[in-house]
Amino acid sequence: NSGVDAALETYRKGAHVTMVVRSGELGKNVKYWVRPDIENRIKEGEITAYFNSEVLEIRVDEVDIKTPEGIKTIPNDFVIAMTGYQPDFSMLRKFGIDLPESLCPMYNENTMETNVKGLYLAGVVCGGMDTHKLFIENSRVHAEMIVKNMLS
């Protein structure tokens, strides 16, 4: 749901969106009222989706994706990593994000930028293990805050 919401919201704000999905299809739990929209955006080519794929490497201006057809390198300005409901704290640490004992990552509440310049967080991950505080529905403003900061 988070990845689908981020893809649709950024697409509607003018971004060229590519989704990398580890499984062979969109998740079964994608909200029924959102599924037709994302499926149609993919079908129409408005959002590119690589299924059965994974991100191998992120560089300043491109990303390597391992697909069933081989490794594809695509141009990139920004990556929004939507990794699921329970955050991958080891990944956040690898990115260099300060993660105190509370597991609530360090970020600027006005811009959503972490202590790593140019690296932003949005959604449930911002609450660490307090997953009852933030939901997709009450953290949609994060995308707008991030884009506004990126464009400033």
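Applying the criterion of being touching a residue at least 24 places away in the same chain (Cβ under 8 Å) and not in a loop (DSSP other than H, G, I, E, B) to the residues of the range 129-143, the residue that is surrounded by the fewest Cβ atoms within 10 Å (Cβ to Cβ) is Ala143.
Taken as a whole, the structure leaves Ile71 outside the set of residues that are closer than 22 Å to Tyr11 by Cα and aliphatic (A, V, I, L, M).
All conditions but one from (1) aliphatic (A, V, I, L, M); (2) free of Cβ contacts under 8 Å to residues at least 40 places away in the same chain; (3) out of contact with any Asp or Glu (no Cβ under 9 Å at 6 or more places or on another chain) apply to Ile80; the one that does not is (2).
You will find that of Ile65, Ile58, Ile74, the residue that is touching a residue at least 12 places away in the same chain (Cβ under 8 Å) and either charged (D, E, K, R) or open to solvent by 60 Å² or more (accessible area, probe 1.4 Å) (or both) is Ile58 and no other.
Checking each residue in the range 101-127 for being out of contact with any helix residue (DSSP H, G or I) (no Cβ under 8 Å at 6 or more places or on another chain) and at pLDDT below 90 picks out Glu101, Ser102, Gly127. Output yes when any residue across the range 112-128 is open to solvent by 80 Å² or more (accessible area, probe 1.4 Å) and under 27 Å from Val30 (Cα atoms), and no when none is. No; the residues of the range 112-128 include none that is open to solvent by 80 Å² or more (accessible area, probe 1.4 Å) and under 27 Å from Val30 (Cα atoms).
Here's the yes/no breakdown for (1) within 22 Å of Phe95 (Cβ to Cβ); (2) in contact with a Phe, Trp or Tyr (Cβ under 6 Å, 6 or more places away or on another chain):
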residue	(1), (2)
Val4	no, no
Gly24	no, yes
Trp33	no, no
Val55	yes, no
Ile65	yes, yes
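Only one of these is surrounded by 19 or more Cβ atoms within 10 Å (Cβ to Cβ) and either farther than 18 Å from Val17 by Cα or among the small types (Gly, Ala, Ser) (or both): Pro100, Pro105. Name it. Exactly one residue qualifies, and that residue is Pro105. Just name the residue that is modelled with the lowest pLDDT out of those in the range 85-97 that are open to solvent by less than 80 Å² (accessible area, probe 1.4 Å) and of a type outside the set (A, V, I, L, M, F, W, C). Looking at the filtered set, the residue picked out is Pro87.
The values are calculated or read from the model by the stated rules, or taken from the named source; none is laboratory data. All figures in this text were calculated on a predicted structure; none of them were measured in a lab. Cβ atoms come from the backbone with ideal geometry, glycine included; neighbour counts cover every protein chain shown. Heads up: the accessible areas ignore ligands, DNA and RNA and are worked out on the full protein's heavy atoms, side chains in. Shrake-Rupley method; radii C 1.70, N 1.55, O 1.52, S 1.80 Å.
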